């Protein structure tokens, strides 16, 4: 009746009662039948529905476009240049060399040679959370990546099939559906899917600004937390990326301390995504969460670190992710959850020998840093030449570029138009800031480690064309 | 009065209880004796300011403690504050037992882990017969790997492929991998049906595949019908994170656990009555734990059932290549090819290489769906459990080697048949019957005759004797949700010949030990006629494979004696 009464007023007049009853009833029936019809044809679950539809985020659209029409100097010089995928192709030759020197003969050899794998060691059931030898090797590798000062406890490591399931498993462990995590923006566009889709967890953006060099402010964190509280939402944790993806900056020690204090005061968890820890090319000092926790007497049980081999060792296809948690309950639950996504045993065996060769890893990490730096320098000097600004960064495989100068107005719509122009006219796929939930329009993430030096120049040249088009149109 | 706040503590009740409640009585303890572990389970405390008592509300008891030293009160306060209130909360999923690892199926594994059998180092240890692993053909795989070093991209011979493969993280999977798997799936099903590589969605093992399809088809609270007995892990794989439900379709030994239309309809009607939305039917073919395959009629019946109800059919065919004897395996794919009238949008096949090839370590699970929306959605979801590209490449090369696969499948079936025969013969000699199966890596063993009474408790008691005294980790039927107590799943393909002999010898000894008892009992026969009768019956059971009624009032088991 509540529906009928206001409608009666709208319809008014003498036929009001009849029309006012009839119209909403008919409307209701019509909508209901439509809904039923819709339900009858829908064969996928409701939670699968939004994703089963076409990908709408420009991040995924761009990736899809490149795979259809990839640039190649010889075969497809007019194809799209990929600046959207943070992948490192700079040091694969080093690993190739190591493999061909060290893993001679068949993958499974005979006898006691450690470098060879027994058949039983690769085909049978393995512990789902990773074999102990690989955990030990991984702990050593992680401490080498973080500068050798921190030691990691292998028993606190849980291995998963890539960082994607690692972060999902953490979400499952820490939050119930409807709970939220605070995430400083701009953040990696994949988090939206990886963290929220199946878990039902929500992400609350905490906006960072170019004026602060995109460093998180505690005031903003506090504000986002309070707003969530007011809505009645339970905030279960804060997720930081360090080095940040997409900006590439490192979190200062002070900020990390503040975040830890904040987490303790609010009694929430803190997840530190340090998947780019080995891809730091600047001179700034990197503070891992582990380092801060080692140095001072913080309550560790709320801290969890994410790591993986996809970026630092360029082994994205091998699917190795790491959950390093200081909380025993989380470890126990995560170990059980890894049965849905554990690392392939032959891959584990191969990695044990690779990661255990510390002198090679040392050499690799150093060369990797140098090569990333070189590419970064080439890329930013190109940007300078064409007068495009960027954030000076010292980590990651990407550069956070300010293209607001190529836009007519500061709006997300304009940003997406520019992205479209870059993709379809200039044939460069960069990730727009809005896909990373950046609050300031006009920023783009450009990954430069998938390209050769020559191709970086071509990419810069293509961006220059867009800049010139913009100038002439003004 | 100082209070430490715990969100849901009934302060009013406490205050009432302070006046009229229990006085310091049997629960009275000095504060110095308060164990720390108690504090962490403590729900709430209250501290009257000027009193030397602290009131602790623990479950349903109010306990008062006398405090001698006021500073200890303070430390107690902070401690409880830290230990119970300030602990960052974990999710329900992390803390509930959705992992279902508290059932006997997993208990048995723990017993094995503590004391594993080794022919020389620990000959009296527990033999693992609870793990459906196919280890009989490892030598063939090893041989292939040695002669094809380039298949692993991480060798000198294969390193030129390394660059492209190492970076490959597309969730569609390597085209070569999908083609090879599609071809292999067809081959395993006797090349009677073809599989489309574009419908192959990969995931982390069959476990991941099951979870993925559940995520795609069901919302929290929705249910799937599953004929019992079913694989113990389904409760965890299909329900834990997805929050879907499984409803048993009860099958009986009287018709060899056949899935009948009547049972399906009954289960469905029950669900409708309880207002549960049924999203599908999950069939395991060949069945785990039964080791039998579904015949054409049953499959057709299931197809028309799901078409009528317009629900999905998930067909778990991960044991397809373990069929070692006639009749041939019939895939659901064959049924829908034969009869175009069925709505194929409702059919999804789960496949994996863990059982058929014996590669559980490779973590290759496949969802093959005839529904485009499910394929597309599953693709995106597979990023949560991608197969390592190195492994994809290795498997693509191996499965494309027709000659090897042909030899492997033939040899595998032959060896499984031999092992199966050896084992059933051995059991028959001591009078133990098994369900007549022709597939799988296990036997469905009938020990109903040895049960004291036909209850799950009696089954668990027998199982404990088997695991603790006989030292065999077999899995009791109750962990597979079997409706009749007394059945056990015995895995036979995860051990070598010698271990098989040891296991059989142990069973023989167990049965003989119990069979010897009549001599000892002869003495007490005169005083108790019922016991005498019972042993005649047991002799019968042991000698001939006849099965006595589970409802017989006569104590049926030698365990009556061993227990008392």
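Given the condition under 25 Å from residue B:89 (Cβ atoms), in a helix (DSSP H, G or I), within 14 Å of chain B (Cβ to nearest Cβ) and without any contact (Cβ under 8 Å) to a residue 60 or more places away in the chain, answer yes or no: does some residue in segment A:281-296 qualify? No, that holds for no residue.
Return yes or no: is residue B:193 more than 24 Å from the chain's Cα centre (by Cα) and at the interface with chain A (Cβ under 8 Å from one of its Cβ atoms)? No; evaluated as a whole, the condition is false for this residue. Checking B:180, B:166 one by one, the residue that is within 24 Å of residue A:342 (Cβ to Cβ), surrounded by 19 or more Cβ atoms within 10 Å (Cβ to Cβ), more than 10 Å from chain A (Cβ to nearest Cβ) and over 26 Å from the mean Cα position of the chain (by Cα) is B:180 and no other. Among the residues examined, residue B:374 does not qualify as in a loop (DSSP other than H, G, I, E, B) and within 7 Å of chain A (Cβ to nearest Cβ). Considering A:157, A:169, the condition of being within 13 Å of another protein chain (Cβ to nearest Cβ) and under 28 Å from residue B:392 (Cα atoms) is satisfied by A:169 alone.
Within segment B:119-161, the set of residues being in contact with a strand residue (DSSP E or B) (Cβ under 7 Å, 6 or more places away or on another chain) and either surrounded by 19 or more Cβ atoms within 10 Å (Cβ to Cβ) or within 8 Å of chain A (Cβ to nearest Cβ) (or both) comprises B:126, B:127, B:128, B:129, B:130, B:131, B:132.
Checking each residue in segment A:324-352 for being touching a residue at least 60 places away in the same chain (Cβ under 8 Å) and more than 7 Å from every other protein chain (Cβ to nearest Cβ) picks out A:324, A:325, A:326, A:331, A:334, A:335, A:337, A:338, A:348, A:349, A:351, A:352. For residue A:184, the conditions (1) more than 30 Å from residue A:355 (Cβ to Cβ); (2) surrounded by fewer than 24 Cβ atoms within 10 Å (Cβ to Cβ); (3) touching a helix residue (DSSP H, G or I) at 6+ places or on another chain (Cβ under 9 Å); (4) in contact (Cβ under 8 Å) with a residue 12 or more places away in the chain all hold with the exception of (2).
Within the set A:204, A:150, the sole residue that is closer than 24 Å to residue A:439 by Cα and in contact with a helix residue (DSSP H, G or I) (Cβ under 6 Å, 6 or more places away or on another chain) turns out to be A:204.
One line per residue, one yes/no per condition, for (1) touching a strand residue (DSSP E or B) at 6+ places or on another chain (Cβ under 8 Å); (2) crowded, with 24+ Cβ neighbours inside 10 Å:
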{"residue": "A:219", "(1), (2)": "no, no"}
{"residue": "A:229", "(1), (2)": "yes, no"}
{"residue": "A:261", "(1), (2)": "no, no"}
{"residue": "A:269", "(1), (2)": "yes, yes"}
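Out of B:366, B:335, B:276, one residue alone is within 23 Å of residue B:216 (Cβ to Cβ), part of a helix (DSSP H, G or I) and more than 18 Å from the chain's Cα centre (by Cα). It is B:335. The sole residue among A:314, A:310 that is touching a helix residue (DSSP H, G or I) at 6+ places or on another chain (Cβ under 9 Å), under 24 Å from residue A:437 (Cβ atoms), touching a residue at least 40 places away in the same chain (Cβ under 8 Å) and surrounded by 22 or more Cβ atoms within 10 Å (Cβ to Cβ) is A:310. Summed over segment B:347-385, residues that are surrounded by 24 or more Cβ atoms within 10 Å (Cβ to Cβ), farther than 24 Å from residue B:321 by Cβ and touching a strand residue (DSSP E or B) at 6+ places or on another chain (Cβ under 7 Å) total 1. Could you please find all residues in segment B:431-471 being part of a loop (DSSP other than H, G, I, E, B) and either touching a helix residue (DSSP H, G or I) at 6+ places or on another chain (Cβ under 8 Å) or crowded, with 21+ Cβ neighbours inside 10 Å (or both)? Hits for segment B:431-471 are B:431, B:432, B:435, B:437, B:439, B:440, B:441, B:447, B:451, B:452, B:454, B:471. Is there a residue being within 11 Å of chain B (Cβ to nearest Cβ) and over 16 Å from the mean Cα position of the chain (by Cα) anywhere in segment A:353-364? Checked segment A:353-364: at least one residue is within 11 Å of chain B (Cβ to nearest Cβ) and over 16 Å from the mean Cα position of the chain (by Cα). Assess whether residue B:416 counts as being under 27 Å from the mean Cα position of the chain (by Cα), on the phi < 0 side of the Ramachandran plot, away from chain A (no Cβ under 12 Å) and crowded, with 24+ Cβ neighbours inside 10 Å. When the stated conditions are applied, residue B:416 passes them.
The residues listed here are A:422, A:418, A:355; of these, the one that is surrounded by 21 or more Cβ atoms within 10 Å (Cβ to Cβ) and more than 28 Å from residue A:68 (Cβ to Cβ) is A:355. Any residue that is at negative phi, assigned to a helix (DSSP H, G or I) and in contact with a helix residue (DSSP H, G or I) (Cβ under 8 Å, 6 or more places away or on another chain) - is there at least one of those in segment B:114-125? Within segment B:114-125, none of the residues are at negative phi, assigned to a helix (DSSP H, G or I) and in contact with a helix residue (DSSP H, G or I) (Cβ under 8 Å, 6 or more places away or on another chain). Being buried (at least 23 other Cβ atoms within 10 Å of the Cβ), away from every other protein chain (no Cβ under 14 Å) and closer than 27 Å to residue A:169 by Cα: is that true of residue A:321 here? Criteria not met by residue A:321. For residue A:164, the conditions (1) free of Cβ contacts under 8 Å to residues at least 12 places away in the same chain; (2) within 14 Å of chain B (Cβ to nearest Cβ) are fulfilled apart from (1).
For segment B:384-397, a residue qualifies if it is more than 15 Å from residue A:339 (Cα to Cα), in contact (Cβ under 8 Å) with a residue 40 or more places away in the chain and within 7 Å of chain A (Cβ to nearest Cβ), and the qualifying residues are B:389, B:390, B:394. Residues in segment A:187-201 that are within 14 Å of another protein chain (Cβ to nearest Cβ) and touching a strand residue (DSSP E or B) at 6+ places or on another chain (Cβ under 7 Å) were compared, and the one that is nearest to residue A:435 (Cα to Cα) is A:189.
When residue A:435 is tested against the conditions (1) in contact (Cβ under 8 Å) with a residue 24 or more places away in the chain; (2) surrounded by fewer than 24 Cβ atoms within 10 Å (Cβ to Cβ); (3) out of contact with any strand residue (DSSP E or B) (no Cβ under 6 Å at 6 or more places or on another chain); (4) more than 22 Å from residue A:375 (Cβ to Cβ), the lone failure is (2).
Throughout, read-outs are computed from the coordinates displayed, never taken from laboratory work. All values reported here derive from a predicted model rather than from experimental measurement. Every residue, glycine as well, gets a Cβ built from its backbone with ideal geometry; the counts of neighbours run over all protein chains shown.
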